[in-house]
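The values are calculated or read from the model by the stated rules, or taken from the named source; none is laboratory data. Everything numeric here is computed off the predicted structure, so don't read it as measured data. Backbone-built Cβ (ideal geometry, glycine too); neighbour counts: all protein chains shown. For the accessible areas, the whole protein counts, side chains as well, though only heavy atoms, and no ligand, DNA or RNA atoms are used. Shrake-Rupley method; radii C 1.70, N 1.55, O 1.52, S 1.80 Å.
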Amino acid sequence: MIPTGQYRVAAVQMVSGDNVAANLDQAAPLIAQAAKQGAQLVLLPENFGFMGLHGRDKIAIRERDGDGMQQAFLSAAARRHHIVLIGGSVPITCDDPARVKQAMLVYGADGERIARYDKIHLFRFTQGDEDYDEAKTISAGSTTQSLAADCGRVGLSICYDVRFPELYRAFTDLALIVVPAAFTVPTGAAHWETLLRARAIENQCYVLAGAQSGTHPGGRRTWGHSMLVDPWGEVVASHADGPGIVIGNIDAARIADVRARLPAFSHRKIGSDS
């Protein structure tokens, strides 16, 4: 069930580089800004703590589960601002020494970790000088995860996951989907907003997306355009380029109205027993 009332959420947009401490210094005032404006849940983008020259560079700064600079930062910031704070991704050690888990880590208002999701779908894209293959340095996750928040059920996903609508069908009665990302400029310009709005429309819930935006080490460019989309697919708030935040409310009445006018879930014929 979706709780009644409104719940304020924010997404942080960043231009992360290859210095973890500098990236955390960039994130801190943006989190504080969101909290000052009443956000109860704040989402950081994928790779908020580190974007290196090469994909393999993340191996050198990976953290053990439960111990590391990025995890300590997330815990302290959540506790300081008394918010739910979602670290879009942190490179966490795994059984393969040549790879990491791309882990979304969620901390509650007391600073304790309340959820972890390991990215399932790994990005592969080639166009001109751009060539990405996350499977070379990331070990894929295998389990969907969600989070119980005051707004209702929150579905967790990371970046490339947004292209796979079946992932979100593992959940029922979502109030919110979060999508931290580092979309490339070509894929972002072509597909980013369309994908976010589609996921909102088909799940009849809000989608909150926090993105990287700008030029990173090695010349990699990311698309930005962080946004909050409502259950009808309308963009509630957005931030196009560079560092900043988007903020808005998860409105239970809006979710209920959309679902009452268009009861799509009751019309499902395929996978409705899952």
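Just a few scattered comments:
- Unique match (being over 24 Å from Leu122 (Cα atoms), polar (S, T, N, Q) and in contact with a Lys or Arg (Cβ under 7 Å, 6 or more places away or on another chain)) among Gln26, Gln33, Gln102, Gln40: Gln40
- Answer residue from region 178-216, given it is touching a Gly at 6+ places or on another chain (Cβ under 6 Å) and open to solvent by 30 Å² or more (accessible area, probe 1.4 Å) and is nearest to Tyr132 (Cα to Cα) among those: Arg197
- Looking only at region 20-76, and only at residues there that are among the aliphatic types (A, V, I, L, M), modelled with pLDDT of 95 or more and part of a loop (DSSP other than H, G, I, E, B), the one that is most open to solvent (accessible area, probe 1.4 Å): Ala60
- Being open to solvent by 40 Å² or more (accessible area, probe 1.4 Å), of a type in the set (A, V, I, L, M, F, W, C) and either in contact (Cβ under 8 Å) with a residue 60 or more places away in the chain or farther than 22 Å from Ala148 by Cβ (or both) is a condition met by no residue of region 83-93.
- Within region 147-164, the set of residues being open to solvent by 40 Å² or more (accessible area, probe 1.4 Å), touching a residue at least 12 places away in the same chain (Cβ under 8 Å) and outside any loop (DSSP other than H, G, I, E, B) comprises Arg153, Tyr160, Arg163.
- Summed over region 165-189, the residues that are part of a strand (DSSP E or B) and within 17 Å of Val229 (Cβ to Cβ) give a count of 8.
- Options Leu122, Leu105: the member that is free of Cβ contacts under 8 Å to residues at least 60 places away in the same chain, more than 22 Å from Leu85 (Cβ to Cβ) and open to solvent by less than 40 Å² (accessible area, probe 1.4 Å): Leu122
- Residue in region 2-14 that is surrounded by 18 or more Cβ atoms within 10 Å (Cβ to Cβ), modelled with pLDDT of 95 or more and in contact with a Ser or Thr (Cβ under 7 Å, 6 or more places away or on another chain) present: yes
- Total residues in region 222-274, condition under 25 Å from Val12 (Cβ atoms), open to solvent by less than 40 Å² (accessible area, probe 1.4 Å) and assigned to a helix (DSSP H, G or I): 2
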